[in-house]
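Shown next, in structure tokens, is the structure this report addresses.
The values are calculated or read from the model by the stated rules, or taken from the named source; none is laboratory data. These numbers were taken from a predicted model, which means no experiment stands behind them. The protein model used for the area step is the full one, side chains on, heavy atoms only, and it has no ligands, DNA or RNA in it. Shrake-Rupley method; radii C 1.70, N 1.55, O 1.52, S 1.80 Å.
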Amino acid sequence: MKETKYIFVTGGVTSSLGKGIISASLGRLLLARGYKVTIQKLDPYINIDPGTLNPYEHGECYVTEDGHEADLDLGHYERFLNIQTLRDNNITTGRIYQTVINKERRGDYLGKTVQIIPHITDEIKRNIKLLGTKHKYDFVITEIGGTVGDIESLPYIESVRQLRWELGKNCLCIHLTYVPYIAAAKELKTKPTQHSVKTLQQEGVQPDILVLRTEHELTADVRRKVALFCNVEPDAVIESIDVPTIYQVPLKMQAEKLDQIVLRKMGLPYNSKPDMKEWTRFLSKMQNASKTIRIGLVGKYVSLPDAYKSIIESLIHASAYNDRKLDIKLISSDDILPENISETLEGLEGIIIAPGFGHRGIEGKITAIQFARENNIPSLGICMGMQCMVIEFARNVLRYADANSTEIDPNTRHNVVDLMEEQKGLFNLGGSMRLGAYKCKLLKDSLAYKMYGTDTIKERHRHRFEFNNDYKEQFIKGGMKCSGINPDSNLIEIIELPGKKFFLGTQFHPEYSSTVLNPHPLFVNFIKTILE
Ligand code: GLN
């Protein structure tokens, strides 16, 4: 397409309505019609990126190929669209202000008073249009975090208002709201939607399409009423009803003609049908699986499953491709003791040892790993999970009772996991880890090689500590295989125990790159091996 089209997705009434899933679903439908699509998330908080946030705040921190610590919605975009996102796909208020303030210090504003309008809004608009101009997409869908009316999101909504004028027909606004059902009155209520649209209008933006999240079907009356009160066409009032899986939402949105309405309003042909064959095949595999697979996820953030979003989604993909429904048990590593581990892992067919930071829950992870190793329970350790596998092996096989990571015990005499050389002397926590995709060479006669089917892979990282190469020979003598190595830095990225059914740890995060149409080979083969 000659000109990039920009679609904005805002939300009202409450958070957690699924703006990310609606954006990703619309993206999937446009992509399935042959367009080049990307999705961007604008986050109104002051942090430069979510890398320094506790997972309890916003869930998992996602990492892009180019090493940006990003909002977890980017994970949805990649999983739905089967594309790769970059640093440009996630902007925060902190980053916008940082750029503007740096420019001011350099004197770029030539003595002008620096203000929210136009300087902050100009910087926001520049970041939105960058995806279209630099990366040449047909569609850029921009999801605006938060809810309209929030103080923090005002500059973003103002930028959308300005862009509507600048872009004309190449700009479209979708607003997502909630329609509550009052059980006592047996009625769906549209007032919150009316108020939310009014707030948006007060800020100068008239939505073109309304997506109404609801637990009950919308009647024609409700749609007409919303259309009338909110200045939208009746067929542009879209129902987004609760469905058992997020992967059904693109098909729901197709049935509601969301993609057609978008195309029509933007003056593009809309009569052909999106090709959703592969997607539908995945979905029916997932929904028709009659047997379940029971996997345990051992980590310390289990009260908020969003902290492990990408791992859980990767397991869902892998289970579906193996004709299984995933039954996941989240296990708090804090609560694991040698006395209760057998009972805790009972009935589980495999376990994942989760990534993490700091000492809390580490001993529980190590106890779980020992039990799994000794009882041949298929285990996949990710990042800190892999590091715990290394520590456990050093303690119980190599007999270094005090073996540890220097992250946990800086004074250990057996620092089998240690701070990476380039991390020494770094004091800033933000954006300073080893981040993004790095190459890894696989040993030919390894499980890893068998699963990937190639000898060179690229996977995403997020860590400061690493297997200590001084111990490599001893680990190999003890029976561990170092099956994945970075060819440039020699860092050990994969370890495995050959005699076991499946015992493998990765320093990288395979979960960041599993998508619906391209499930990750490690997860797929983890489940497959269990079933064999
Ligand atoms: N805390 C460990 C490190 O920094 C592991 C990080 C992770 O699990 N993502 O190396």
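Two decimals is fine: what is log10 I(q)/I(0) at q = 0.13 Å⁻¹ for the chain, from a Debye sum with one equal scatterer on every Cα and no solvent?
These q points yield log10 I(q)/I(0) values of -1.27.
Any chance you could look up the accessible area of residue 422 with a 1.4 Å probe, heavy atoms only, rounded to 10 Å²?
Only protein atoms counted, so the area is about 110 Å².
How large is the accessible surface of residue 433 in square angstrom, using a 1.4 angstrom probe and rounding to the nearest 10?
20
What number, in nm² with one decimal, is the all-direction average of the projected area of the convex hull of the alpha-carbon atoms of the stretch 90-234? Intermediate values should be presented prior to the final figure.
Working: hull surface 42.8 nm².
If you wrap the Cα atoms of the stretch 90-234 in a convex hull and average its projections, you get 10.7 nm².
Over the stretch 144-220, what portion of Cα pair distances is larger than 21 Å, expressed as a whole percent? Can you show the working numbers first?
On the way: 1000 of 2926 pairs.
Beyond 21 Å sits 34 percent of the P(r) for the stretch 144-220.
Starting from the Cα gyration tensor of the stretch 174-302, multiply each eigenvalue by 5, take the square root, and state the resulting semi-axes largest first in whole Å.
Working: eigenvalues 188, 97, 45 Å².
Output for the stretch 174-302: semi-axes of 31, 22, 15 Å.
Ranked from the most accessible area to the least, with a 1.4 Å probe and all protein chains present, what is the order of 235, 402, 470?
On the way: 235 80, 402 50, 470 125 Å².
Highest to lowest solvent-accessible surface, that is 470, 235, 402.
When the accessible area of the stretch 396-440 is split by element with a 1.4 Å probe, what percent falls to carbon and sulfur?
Working: 1230 of 2570 Å².
Carbon-and-sulfur percentage of accessible area, whole number: 48.
Restricting to DSSP H runs of at least four residues, report the calculated mean residue ellipticity at 222 nm for the chain, -39500 (n - 2.57) per run over all residues, nearest 500 deg cm²/dmol. List each step's numbers first, then the result.
Numbers: 18 runs with 186 residues, N = 532.
Result for the chain, helices only: -10500 deg cm²/dmol.
Probe radius 1.4 Å, ligands and nucleic acids ignored: give me the carbon and sulfur share of the accessible area of the stretch 88-129 as a rounded percent.
Working: 1180 of 2270 Å².
C and S fraction of accessible area: 52 percent.
Indicate the gyration tensor shape class of the stretch 441-532 (rounded, prolate or oblate), computed on the Cα atoms with a ≥ b ≥ c the square roots of the eigenvalues: a/c under 1.5 is rounded; otherwise a/b larger than b/c is prolate and the rest oblate.
Oblate is the answer for the stretch 441-532, as a/c is 1.5 or above yet b/c matches or exceeds a/b.
Over the chain, average the accessible area per residue using a 1.4 Å probe and give it in Å², no decimals.
Details: 22250 Å² over 532 residues.
Roughly 42 Å² per residue, with all protein chains present.
I need to check one value: relative contact order of the stretch 1-155, counting alpha carbon pairs closer than 8 Å and at least 6 residues apart, in percent.
Relative contact order of the stretch 1-155: 40 percent.
Over the heavy atoms of residue 181, what accessible area does a 1.4 Å probe trace out, to the nearest 10 Å²?
Estimated to the nearest 10 Å², residue 181 gives 80 Å².
Could you tell me the relative contact order of the chain? Use alpha-carbon pairs under 8 Å, at least six residues apart, and round to a whole percent.
After rounding, I find 15 percent.
Would you list 240, 15 from the most to the least accessible area, probe 1.4 Å? Could you put the intermediate results ahead of the total?
Values: 240 10, 15 75 Å².
Accessible-area ranking of 240, 15, largest first: 15, 240.
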